[in-house]
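Step one of this worksheet: look at the structure below.
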Amino acid sequence: MGNRLTEFCGSTFWNDTFLQRADPDLPVCVEQTILVWMPLGFLWLSSPWHISALLKKKIQKSHISALYLIKQLLVALLFLTAVAGIAITVAEDYGNYQDPTREKPNPAVLYTNPILYACSWVLVILCQESVRQCDKTGESALLFIFWLLSILCGLFPFQTLLRMALNQGDIPDLPRFCLFYISYGLQFILLILSSFADVTAEKREASKKNPEMVASYLSRITFNWFNSMVIKGYRRPLQMDDLWDLNDYDKTQEVSSKFEKIMNHQLRKAREKHSRQKKNKLQSDGSLTNGRTVSQNVLVMEDKGEKKKDTNKLGYTNGWMVSTLLKTFIRMLIESAVLKLLHDLLVFISPQLLKLMVSFTEDKSVFEWKGYMYAILLFVVALIQSMLLQQYFQRCFLLGMKVRTAIMAAVYNKALVVSSATRKESTVGEIVNLMSADAQRFMDVANFIHMIWSCPLQIIVSIVFLWEELGPSVMAGVGCMILLVPINGFLATKSKVFQLKNMNYKDKRMKLMNEILNGIKILKFYAWESSFEEQVLNIREKELKVMLKFAYFGSFSAFIFSCAPVLVSLASFAVFVFVDEEGVLTAEKAFTSISLFNILRFPMAMLPMLISSMVQADVSRKRLEKFLGGEELDTSAVHHDSSFNTAVSFSNATFTWEKNEEPTLKNVTLDIKPGKLVAVVGAVGSGKSSLVSAMLGEMENVKGYVNTKGSVAYVPQQAWIQNATLRDNILFGSDLKMSRYQTVLEACALLPDMPLLPGRDLTEIGEKGINLSGGQKQRVSLARAVYSNADLYILDDPLSAVDAHVGKHLFEKVIGPKGLLANKTRILVTHGVKFLPEVDEIIVLVNGEVSEVGSYQALKASGKAFSKFLSTYAKNDEKKQKTKDMSEDFIETELFQDCLEPQADDPPEDAVTVSMKRENSLQRSMCRGSKRQKKSLPNKVSQADHMVATQTVQKGQRLIEKEAMETGRVKLSVYLKYLQAIGWGYSILVCLAYLIQNVAFIGQNLWLSDWTGDSLKYYNETYPASQRDMRLGVFGALGIIQGLFVFVGTALIARGAILASRTLHNKLLGNVLRSPMLFFDTTPTGRIVNRFAKDIFTIDEAIPLSFRSWVMCFLGVLGTLLVICFATPLFTAVIVPLALFYFFVQRFYVATSRQLRRLDSVSRSPIYSHFGETVSGLSVIRAYGHQQRFLQHNEKATDDNLKSVYPWIVSNRWLAIRLEFVGNLVVFFSALFAVLSRNTLDSGLVGLSISYALNVTQTLNWLVRMTSELETNIVAVERVCEYTKLENEAAWVTDHQPPKGWPDAGKIHFNDYKVRYRPELDLVLHGITCDIESTEKVGIVGRTGAGKSSLTNCLFRIIESAGGYLLIDGIDIAKLGLHDLRRHLTIIPQDPVLFSGTLRMNLDPFNNFSDEELWRALEQSHLKEYVEGLQQGLNHEVTEGGENLSVGQRQLVCLARALLRKSKILILDEATAAVDLETDNLIQSTIRTQFSHCTVLTIAHRLHTVMDSSRVMVLNEGRIVEFDSPSVLLQRRGHFYSMAQEAGLATVDNTAL
């Protein structure tokens, strides 16, 4: 082969003597053949890719840019140089230029090369044309690599020709010399040009939104396109608007549609397989007993909970998730696997180069150029390695991001179609968890999925190379490693147990915190904060104990982990020097082995971590498979056949909530005619809501069917309000038609609310409608239905949540025979009897069956259940005819005044609403005006208003301002606060421990370097045993010291971190519970919960970890630089520029990365809150058929989040590639200076310095990551500290104690009492003065916003006095501690709030009462019978919010609480909609009998409840306008009379009361 090539070139192809000299060079033949063919070969192999694209693509008019023309022109010039080359050769051989002195013609190579080049340049022209037409960026990676290869290979002939010319003094072959340099220059220009993207002006414009779209290949592999984001992030904190658009292929829609398609296919296959297995199992079992399978018998015996578990075991298909993910993302997986494989193989070249480098310094006879070559090779290998690794990571993190996106979208899509049975199995919280925690786990595994095969590969290759160095003694080290695996396994399983316990306590604590925050008002009324604080602290202490154990285990595994490399190298070296007589450690062997052991450390550490995260992901897989494979809503029982002549038809339909359960609706056959108003009535639990759910297709069908005709609008019993503007809530995705919108607002009594809201109808409504009253929510919900203009209206008791006269207005204007919906079919579920005479038909339900259907009169006359029900409860309603003569104007005005402010059934007015009222001067001026001037009332949201509202976002339009997001650098004071919480002693000791550990590490390596010097010292002598033992002993001892100090440092950090956690959490909890109600009214619960969940979790777990890592990395980098400087003092010259570059890159990165992290967490919340909102409003969304719109909203929210996640991933790669470049330069310079000072250097020190340098890249990278991580995490301390500085309410207990038995009479005296909610707002109560005598029963009435609730808030000092004083039994309440005051008053609140825990805890959280007293209270509150019927009696577990008790029962529990407290003053905030009439009667009778000796203040919403009071106080605009007995007030015909008249009570009969 060599001879043929020699002949081909006309000169020697290869001779070793070319390299065996001080100034080596490659033979000309090699330069003319191999170095020419390599780049051209690459071009010819890769060009079909471009040419095929050119042939396939239909020629379109594509822009021709200047850059494209220049490139084509330059290639054309190259083509001409090739032609010139051929011409010269031909002319020399056959033309006039024949050289007569030459014996032989030119060699073949001078013909073939120019021809090859000419063909190749034509190919390049075609490729560039293909790129112009087909590629978005107008440049090609393949062409860039070709030009780069061409330039690199051309370097050798470049210097050869130059050297020959310089040595010989003249140029022998001038034409070819000139052609070569022209050609080389053109290629160099083309290389530079091909590193720029060639894009059109439109694309360049579009690239402002996403520069990656038009980034060139070079820019993409170095992540240079990201520079502008980093610079912007450094100059000022990034905002959401600064983020770029996503690539189309990264968008949620694209990712999820592909995933869903494959998932559905895989799921279908898995279900078929599952059913086959089930069939086979049943056939093989075959053991049927009494017609039942064994498993069924078992199920009957088990309790309900077990039954659920057992069915689940059989009930869902599994094993399809992983295959779905693999098939969806197969391309990315293959790409990243190839990159990883190449990188892993390159990793092992560095130790071999190190070995050559050490032998170069040892053997002074080796030519110096070899040293320079090794240094350059070390740099090049490291550079390629960096490029490959970053591209691999980029793909893996993108894969993780896409996996998370796919899973989140799939969970959301599933939630929209899930059946009620599947929905019951998991709470909203659990489903949100699938989206957050479980999707996150899959993301974490996807990031490192290739480690599964890469770790074993690296371990095997390392051992092979180590065997070469140390022979069989390497097995001793491997043995050590294998022994450490079970220890690691044991530690991992133990840690998992602790982790589970920890999570359990965390869940308990968070559940309790949630309830505390939801029921904070009750806690304040009852003075129960300290009891609940203690409960939280008890759970927290248990949690911290487990965390401490977990942390100690962590310290132990850190000890094992840091000892492992020492033990492994010690065992290997020990066996090596003991077994082999000649076994003297040389520097070459020692440092090559050490760098191989260092490579081994990473896979050994990664494997256990990977396994544990895979175990966690497997748990998530099962949870996801169970949910995503769960049953979907079967709507087949609900037909939509338009040929029916009825609006709704039930045909012998039986429905149940869950399969295999008792049916809730039985054999229902019904026909509802179009355009009719049909009422559905029945006792509580008779199946009214089930009938509605059956029509909406929300129930399991047993038999029969339902047919509905036309579109449906649905108003649920509990209004579902979105976190959007009021207008968006009403439009609900429809277009705005102003006139229709006006009509709807007017009919639904929403116009009067408009002036009140800061942004009118563009005011943002908080989560769950937090800034609307119950009545307003219900009216908005009704307005949404009316605006939708559907054919069928299903109204589930919408009038119960509004006051009587508002209900009347809504019935007349919307629902009734003359309302807006008069011609529509309306199905109205109702508890009231007031409107029944006006409906077309009444359906009476009893125990899930239709008992009667007919008109009001017919059913009344029938004498069945319905007529009995009427005779009991309709007394007041029948009198309404007598009030018909009331002035319409009057009703309008009164109604308007009522609607101006949130409805009375709202929990006592919250401060936000009140402050909003007070800011509204318009409302005040109107209220002062005449009540009868109807014409002056604004009953239109005028076009002008609409314009103004659209253009300006007014102050307060957002009720809850966006959460303050910290920007810029974290202040030093925050770090100091954290260190202070840890304790200064601990902090200093930790740093000291790690410092000693680092010193030991450096000492050990210096010792090894010294040890390798023995090989020269005892050359050709027997190695003394004592020397050998001493060397080994010190080496081992220094290793063990390292391990011990890592253990000490980690243990100290763990202990200090627990102290810090305890201090910060307790301060936070104490302060939040002592905050005034105003704080809770203006802060969303989620925001406070976030402090206790996410931020405390960060302080507990993330900060200690990043603090420890940061200290270790920092000391590691410092140590490395010191060692290199010690070995090669020249290196100090390079440190400063490198450090500066490093510092700037780091500062740029941290500023951007930190802000991107913050934007990520801020943009992640809307995904979860929208999801929570969707799940809670599922029935509404499905009824209106708006699933698609919500899916799109979810996709948008996810994309908005990805916009910050994606740049964060890129920012890490941007940083890593730059830092690794610094690291690679460190390697290069340490090697270069070792070559320069080889004559003065010890080979051991060279080995030490370079092996340290090879490690520095990773450590540098980690240091910046940890700095950023620590900055990101320490923000949690900042956020927690923010809440520890909240303003507190007055002291709970003061020195001024009330006398024992106070209040004994229950006299209340108000003297010129004034109240305002905040210093800057107007008064709510304007100088109230009155006396309430002992045992007096006083009713407090007034329109909404008159100040009724404010009055009760004053008694409990929920709001403090702004003037005047309030005496209870002669004691000024302002001087008492809050708990001393609140413990001696009792309130039965309007909303019954229960906490999860036992029934006993809910009645008596401080354990002050005996069982006997508790039972007596239950008996008096009519609950004894019910509680005796429970299995656990008083220890019956109440679920969150008391969900497992009916609303009425909850109200009775609140009554029992009041009975236990036996205080002399009872405040009754009378409940309206919450309770059915029966429970109401029970409560009223108990209060009359049990509290006869007390002073009772009743805030009345229904006037008939205060008609038997001693006196009635009428409030208006915060002043007492009337205060006397009901009979006197009725005769006066003032405010009270008009209210009574409206409620149908102001008749002669009633006056007799």
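Judged by the gyration tensor of its Cα atoms, with axes a ≥ b ≥ c, the stretch 1351-1484 is prolate; a/c meets the 1.5 cut and a/b is the larger of a/b and b/c.
With n ≥ 4 as the cut-off for DSSP H runs, can you work out [θ] at 222 nm for the chain, using -39500 (n - 2.57) per run divided by the number of residues, rounded to the nearest 500? Walk me through the intermediate numbers first.
Working: 58 runs with 948 residues, N = 1553.
It comes out at -20500 deg cm²/dmol, rounded to the nearest 500.
Please report how far the C-alpha centroid of the stretch 397-424 lies from that of the stretch 439-502, rounded to the nearest whole angstrom. Computed from Cα coordinates, the inter-centre distance equals 33 Å. Derived scalar couplings between HN and Hα for the stretch 354-371 equal 4, 4, 5, 5, 5, 5, 5, 6, 6, 9, 6, 7, 5, 4, 5, 4, 5, x Hz in order, rounded to whole Hz, by the Karplus curve 6.51 cos²θ - 1.76 cosθ + 1.60 (θ = phi - 60°), x for Gly and Pro.
Among the GluC sites (Glu not before Pro) in the stretch 1285-1321, those located in a DSSP loop and surrounded by at most 13 other Cβ atoms within 10 Å of their own Cβ are Glu1287, Glu1320. The phi torsions of the stretch 1033-1048, fed into the Karplus equation with coefficients 6.51, -1.76 and 1.60 and a -60° offset, translate into couplings of x, 5, 4, x, 4, 4, x, 5, 4, 3, x, 4, 6, 5, 4, 4 Hz, rounded to whole numbers, with Gly and Pro shown as x. For Lys1337, nonlocal amide neighbours, meaning residues 5 or more places apart or on other chains whose placed amide H falls under 5 Å from its own, are Val1496, Ser1510, Arg1511. Which shape class applies to the stretch 1055-1107: rounded if a/c is under 1.5, otherwise prolate when a/b exceeds b/c and oblate if not, where a ≥ b ≥ c are the square roots of the Cα gyration tensor eigenvalues? It comes out oblate by the Cα gyration axes.
What percent antiparallel are the DSSP beta bridges of the chain, to the nearest 5?
Details: 41 of 79 bridges.
For the chain, the DSSP antiparallel bridge percentage is about 50.
Look at where the Cα atoms of the stretch 707-722 and of the stretch 731-792 average out, and the two centres are 15 Å apart.
Going by the alpha-carbon gyration tensor, a ≥ b ≥ c the square roots of its eigenvalues, is the stretch 209-261 rounded (a/c under 1.5) or, if a/c is not under 1.5, prolate (a/b greater than b/c) versus oblate?
Numbers: a/c = 3.45, a/b = 1.55, b/c = 2.22.
Here the stretch 209-261 falls in the oblate category.
Between Ala724 and Tyr975, the contour length at 0.36 nm per residue exceeds the alpha carbon distance by 86.5 nm. Applying the criteria of a DSSP loop state and at most 11 other Cβ atoms within 10 Å to the trypsin sites (Lys or Arg not before Pro) of the stretch 777-849 yields Lys818.
Ranked highest first by the average count of other Cβ atoms within 10 Å around their residues, in what order do 977-989, 1034-1046 fall? Provide the component values of the computation, followed by the final result.
Numbers: 977-989: 17.2, 1034-1046: 19.5.
The densest-packed peptide leads the list: 1034-1046, 977-989.
Just list whichever of Lys327/Lys626; Lys208/Lys1094; Lys1307/Lys1375; Lys269/Lys402; Lys1067/Lys1203; Lys737/Lys818 have alpha carbons separated by over 27 Å in the model shown. From Lys327/Lys626; Lys208/Lys1094; Lys1307/Lys1375; Lys269/Lys402; Lys1067/Lys1203; Lys737/Lys818, over 27 Å: Lys208/Lys1094; Lys1067/Lys1203.
With every protein chain in place and a 1.4 angstrom probe, the accessible-area ranking of Tyr117, Tyr1283, largest first, reads Tyr117, Tyr1283. Put simply, the amide H of Val680, placed in the peptide plane, has neighbours under 5 Å in Leu828, Val829, Thr830, Ile843, leaving out anything fewer than 5 places away on its chain. A straight line joining the Cα centroids of the stretch 1391-1413 and the stretch 1139-1203 runs 41 Å.
Each peptide in 746-758, 34-46 receives the mean, over its residues, of other Cβ atoms within 10 Å, and ordering these scores from highest gives 746-758, 34-46. Axis of helix 984-1012 versus longest Cα principal axis of the chain: the two differ by about 20°, to the nearest ten degrees. Here's how it looks for Arg1357: its modeled amide H is under 5 Å from none belonging to a residue 5 or more places away or on a different chain.
Converting phi to 3J(HN,Hα) with the Karplus coefficients 6.51, -1.76 and 1.60 and the offset θ = phi - 60°, the stretch 736-753 yields 7, 10, 4, 5, 5, 4, 4, 4, 5, 4, 5, 5, 8, 6, 9, 4, x, 6 Hz in sequence order, with x at every glycine or proline.
The values are calculated or read from the model by the stated rules, or taken from the named source; none is laboratory data. Remember, it's a predicted structure, so these values are computed and weren't measured experimentally. Reconstructed Cβ throughout: ideal geometry from the backbone, glycine too, with neighbour counts over all protein chains shown. With ligands, DNA and RNA removed, areas are computed over all heavy atoms of the protein, side chains included. Shrake-Rupley method; radii C 1.70, N 1.55, O 1.52, S 1.80 Å.
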